[in-house]
Amino acid sequence: MTTLAADREIEHLMMLHPKGFDLSLDRIARLLERLGNPQDRLPPVIHIAGTNGKGSCAAFARALLEAVGHLVHVHTSPHLVNWHERYRLAAEGGGKLVDDDVFAEAIARVAEANKGQKITVFEILTAVTFILFSEHPAEAAIIEVGLGGRFDATNVIDRPAVSVIMPISMDHEAYLGDRVELIAAEKAGIMKRGCPVVIGAQESETALQVLIETAERLDCPTVVYGQDFLAFEENGRMVYQDEDGLMDLPSPRLPGRHQFANAAAAIAAVKAAGFEIGHRAAERAMTHVAWPARMQKLTQGKLVDLAPKGAEIWLDGGHNPGAGVVIAEALAEQEEKNPKPLILISGMINTKDQTGYFSAFKGLVRHVYTVPVSNSDAGVPNDELALRAEEAGLSAEPVSSVASALMLLRDSWDGPAPRILIGGSLYFAGAVLAENGTPPT
């Protein structure tokens, strides 16, 4: 895909405006007013917040709606390789990433409306979401929160069809607070008075209580995982249950038991938003859902060709202790079904709890290769990251790149073909997909 026009527009914005986040809704509201408030002209919105599982929930919701034949827009962030991945526009037969010329024109229009006033690039790109989604026909829009909820730029949607809160754990403490109940309160900020709320599986009772109390205070019709709906494994399949009964479904195409709960939240959300999902559509969704860099199996590409013969390679962008736990559990399931020595190749950024992430893999990973994150200024140096892995009780060594780690493995490996997890950051996962020649489509 040619990305030059949109990339040039975004590079220009990066020079004009500060990096990072500035949590307030004043600037985005002012800009959207100049654009005619496109956020008020969207199809029914499924608005998704949470620490982990937001993107997977969005992917399941899209698969469910498209399985019924609905036209669906999807906004997710961050992107992995190309900015265009953030905007999937509805199309017959399944949504497509935005065309470069359409994207570039929308960015230029929003930047012109902003008239050079102080704003963040994320806010401009969020306004682009509303422009694109209001001007292209669709029957639903799935919008993932960027950071937090209450002051996230996407939180200008007055009447979402449903607000979804996925699992909450410690992340972005500098912006959202250093206790899980503070983070939960920020995420709960996307709830709107009287609008339906779906609360996904929560590991923290404290977070769950904050979410339920907020929903009750706002008189939101609320369904809660484990109370009003749930999913469980039975005979290698997924059973979804709510007040309407049971659905016996294939196991989700996305690996890991945590995806059962993510899929369940998506089913509950789509139903709460007013869409009917039949058994056949739900079956199709479970087998067709796709979400890159979330326990994605890499089977071909330039990097794959460098690995030891017969190696099984997984890529995951999870980057905090909560994500580490669910990834480790998914790999432990793989180990039960098909035992293989596990090797971790990791790159991380300095805003994350690196030791906490690595701790999840103690007793599971044979060895860790740490590498720099080449496409982020916040990348942790590979030697420092190796120390963090060792603090977590893992054997680790720094190397210069993923390619180097794979070649080292290939040249020195003696034994059954290994299972390799490449992960630790979405920036890192994106760089891996680009180098492998397999960007998301």
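The values are calculated or read from the model by the stated rules, or taken from the named source; none is laboratory data. Predicted model, so just to flag it, every value in this text is computed and none were measured. In this analysis, Cβ positions are derived from the backbone assuming ideal geometry, glycine residues included, and neighbour counts consider all displayed protein chains.
Check the stretch 354-364 and report whether any residue there is at pLDDT 95 or above, farther than 16 Å from H319 by Cβ and crowded, with 24+ Cβ neighbours inside 10 Å.
For the stretch 354-364, residues at pLDDT 95 or above, farther than 16 Å from H319 by Cβ and crowded, with 24+ Cβ neighbours inside 10 Å: absent.
Here is a yes/no grid of residues against (1) in contact with a Ser or Thr (Cβ under 9 Å, 6 or more places away or on another chain); (2) of a type in the set (D, E, K, R); (3) assigned by TED's automatic domain parsing to the domain that holds I349:
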{"position": "L385", "(1), (2), (3)": "yes, no, yes"}
{"position": "A396", "(1), (2), (3)": "yes, no, yes"}
{"position": "S400", "(1), (2), (3)": "no, no, yes"}
{"position": "D411", "(1), (2), (3)": "no, yes, yes"}
{"position": "G415", "(1), (2), (3)": "no, no, yes"}
{"position": "P418", "(1), (2), (3)": "no, no, yes"}
{"position": "L421", "(1), (2), (3)": "yes, no, yes"}
{"position": "S425", "(1), (2), (3)": "yes, no, yes"}
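Surrounded by fewer than 23 Cβ atoms within 10 Å (Cβ to Cβ), of a type outside the set (A, V, I, L, M), in the same structural domain as I267 (by TED's automatic domain parsing) and under 23 Å from A431 (Cβ atoms) - does that describe any residue in the stretch 98-112?
There is at least one residue in the stretch 98-112 that is surrounded by fewer than 23 Cβ atoms within 10 Å (Cβ to Cβ), of a type outside the set (A, V, I, L, M), in the same structural domain as I267 (by TED's automatic domain parsing) and under 23 Å from A431 (Cβ atoms).
Go through the stretch 411-438 and give me each residue that's surrounded by fewer than 15 Cβ atoms within 10 Å (Cβ to Cβ), touching a residue at least 60 places away in the same chain (Cβ under 8 Å) and more than 24 Å from H79 (Cβ to Cβ).
G415, P416, A417 - these are the residues of the stretch 411-438 that are surrounded by fewer than 15 Cβ atoms within 10 Å (Cβ to Cβ), touching a residue at least 60 places away in the same chain (Cβ under 8 Å) and more than 24 Å from H79 (Cβ to Cβ).
Determine which member of the set G356, G318 is outside any loop (DSSP other than H, G, I, E, B) and in contact (Cβ under 8 Å) with a residue 24 or more places away in the chain. Don't jump to the end; show me each part of the working.
On the way: G318 fails: outside any loop (DSSP other than H, G, I, E, B).
Sole residue among the options that is outside any loop (DSSP other than H, G, I, E, B) and in contact (Cβ under 8 Å) with a residue 24 or more places away in the chain: G356.
Results for (1) closer than 16 Å to I46 by Cβ; (2) in contact with a Leu (Cβ under 6 Å, 6 or more places away or on another chain); (3) not hydroxyl-bearing (S, T, Y), shown as yes or no for each residue.
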site	(1), (2), (3)
A185	no, no, yes
G189	no, no, yes
K192	yes, no, yes
C195	yes, no, yes
I199	yes, yes, yes
L211	no, no, yes
R217	no, no, yes
P221	yes, no, yes
V224	no, no, yes
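Given I119, I28, which one is surrounded by 22 or more Cβ atoms within 10 Å (Cβ to Cβ) and in a loop (DSSP other than H, G, I, E, B)?
On the way: I28 fails: in a loop (DSSP other than H, G, I, E, B).
Every option except I119 fails the conditions.
Does V380 qualify as being more than 23 Å from L254 (Cβ to Cβ) and buried (at least 22 other Cβ atoms within 10 Å of the Cβ)?
Details: more than 23 Å from L254 (Cβ to Cβ): yes; buried (at least 22 other Cβ atoms within 10 Å of the Cβ): yes.
Judged against the criteria, V380 is a match.
So which residues in the stretch 191-234 are closer than 21 Å to D152 by Cβ, in contact with an Asp or Glu (Cβ under 9 Å, 6 or more places away or on another chain), modelled with pLDDT of 95 or more and not hydrophobic (A, V, I, L, M, F, W, C), if there are any at all?
Matches in the stretch 191-234: K192, R193, G194, T222.
State which residue pairs qualify: first residue outside any strand (DSSP E or B) and inside the stretch 230-255, second residue of a type in the set (V, I, T) in any location, beta carbons under 8 Å apart, and separation of 6 or more residues or different chains.
These pairs meet every condition: P252/V289; R253/T287; R253/V289; L254/V289.
Conditions: (1) surrounded by fewer than 23 Cβ atoms within 10 Å (Cβ to Cβ); (2) modelled with pLDDT of 95 or more. F60 meets all but one. Number of the miss?
Of (1) surrounded by fewer than 23 Cβ atoms within 10 Å (Cβ to Cβ); (2) modelled with pLDDT of 95 or more, only one is false for F60: (1).
Condition check ((1) of a type in the set (K, R); (2) part of a loop (DSSP other than H, G, I, E, B); (3) under 30 Å from R280 (Cβ atoms)) across all residues:
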{"residue": "R8", "(1), (2), (3)": "yes, no, no"}
{"residue": "M15", "(1), (2), (3)": "no, no, no"}
{"residue": "D40", "(1), (2), (3)": "no, no, no"}
{"residue": "P78", "(1), (2), (3)": "no, yes, no"}
{"residue": "V81", "(1), (2), (3)": "no, yes, no"}
